[in-house]
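The values are calculated or read from the model by the stated rules, or taken from the named source; none is laboratory data. For clarity, every value in this text was computed on a predicted model and none was experimentally measured. Cβ atoms come from the backbone with ideal geometry, glycine included; neighbour counts cover every protein chain shown. Note: accessible area is taken over every heavy atom of the protein model, side chains too, but ligands, DNA and RNA are not part of it. Shrake-Rupley method; radii C 1.70, N 1.55, O 1.52, S 1.80 Å.
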Amino acid sequence: MNRITLQTIAPSLLPQVLELDRICFGGLWTLEGYQREIDSPNSELIAITSGDRLIGYGCFWAIVDEAHITIIAVHPDHQQQGLGKLLLFALLDRARQRQMKHATLEVRISNQSAISLYEKFQFKVAGQRKDYYTDTGENALILWRGGLQAAEFQSLLKEKWLKIRDRLTQCDHILIDPESLLSLEKTSLTKP
């Protein structure tokens, strides 16, 4: 079993964050950019680690009552194992804990796997940003998810957690200390 942990990104993880950023996005953000996110009270940066190795991370900005998800990255060696869903779940749950009412993000129109992930959490297309990605000139879809404080959303998170936990188990992952960032009851997170 591969023991994984969710944790807030600390400065000591930044070299690994930069390396994963380079692998996944070709160097989208700089060291200074990530440090600003760590320092900002309006940012949430969440990492998935295996031992002392970073295997995924995500970030959102808290803007008034909206969580703007800016990045989700999973190392290519660990994709298709439920880790992207775990990161999105953790980001949305942290947004709910911070009393955010909505979540939004931009995604490449061609990134069907990411769009499928977001749709599983009931994100809907709210529009497009023309020529949003400067490297290719590709348009971005703007996705939107409201109701983060509604009881239905809490039920959705519980339902998604069960599926994520099952997928992680299938891929020989076990989440250590699941309540470290997540607010759902510990028994529902750790009992099969």
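One line per residue, one yes/no per condition, for (1) closer than 21 Å to Pro41 by Cβ; (2) modelled with pLDDT under 95; (3) touching a Gly at 6+ places or on another chain (Cβ under 9 Å):
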site: Thr70; (1), (2), (3): yes, no, yes
site: Val74; (1), (2), (3): no, no, yes
site: Leu83; (1), (2), (3): no, no, yes
site: Ala90; (1), (2), (3): yes, yes, yes
site: Arg94; (1), (2), (3): yes, yes, no
site: Arg145; (1), (2), (3): no, no, no
The stretch 163-183 - residue that is modelled with pLDDT of 90 or more, touching a helix residue (DSSP H, G or I) at 6+ places or on another chain (Cβ under 8 Å) and surrounded by fewer than 19 Cβ atoms within 10 Å (Cβ to Cβ) and, of those, farthest from Gly51 (Cα to Cα):
Lys163
For Met1, all conditions in the list (1) within 21 Å of Gly82 (Cβ to Cβ); (2) surrounded by 12 or more Cβ atoms within 10 Å (Cβ to Cβ) hold save one; what is the number of the exception?
(2)
Residue check for Ile115: modelled with pLDDT of 95 or more, farther than 23 Å from Thr8 by Cβ, aliphatic (A, V, I, L, M) and surrounded by fewer than 22 Cβ atoms within 10 Å (Cβ to Cβ)
yes
Quick check on the stretch 47-57. Is at least one of its residues touching a His at 6+ places or on another chain (Cβ under 7 Å) and not small (Gly, Ala, Ser)?
yes
Any idea which residue in the stretch 39-78 is least open to solvent (accessible area, probe 1.4 Å), counting only those that are within 15 Å of Ser12 (Cα to Cα) and not in a strand (DSSP E or B)?
Gly51
Selection from the stretch 20-51 of residues within 21 Å of Gly82 (Cβ to Cβ) and of a type in the set (Asp, Glu) yields Glu44
Filter the stretch 105-120 down to the residues that are of a type in the set (Gly, Ala, Ser) and either touching a strand residue (DSSP E or B) at 6+ places or on another chain (Cβ under 6 Å) or free of Cβ contacts under 8 Å to residues at least 24 places away in the same chain (or both) and list them by number.
Ser113, Ala114, Ser116
Do you know which residues across the stretch 123-139 are open to solvent by less than 90 Å² (accessible area, probe 1.4 Å) and within 18 Å of the chain's Cα centre (by Cα)?
Phe123
Please indicate, with yes or no, whether at least one residue in the stretch 10-33 is of a type in the set (Gly, Ala, Ser), free of Cβ contacts under 8 Å to residues at least 24 places away in the same chain, within 22 Å of Gln97 (Cα to Cα) and in a loop (DSSP other than H, G, I, E, B).
no
Could you say which residue among His68, His75, His102 is of a type outside the set (D, E, K, R), closer than 16 Å to Phe25 by Cα and either touching a strand residue (DSSP E or B) at 6+ places or on another chain (Cβ under 7 Å) or touching a residue at least 24 places away in the same chain (Cβ under 8 Å) (or both)?
His75
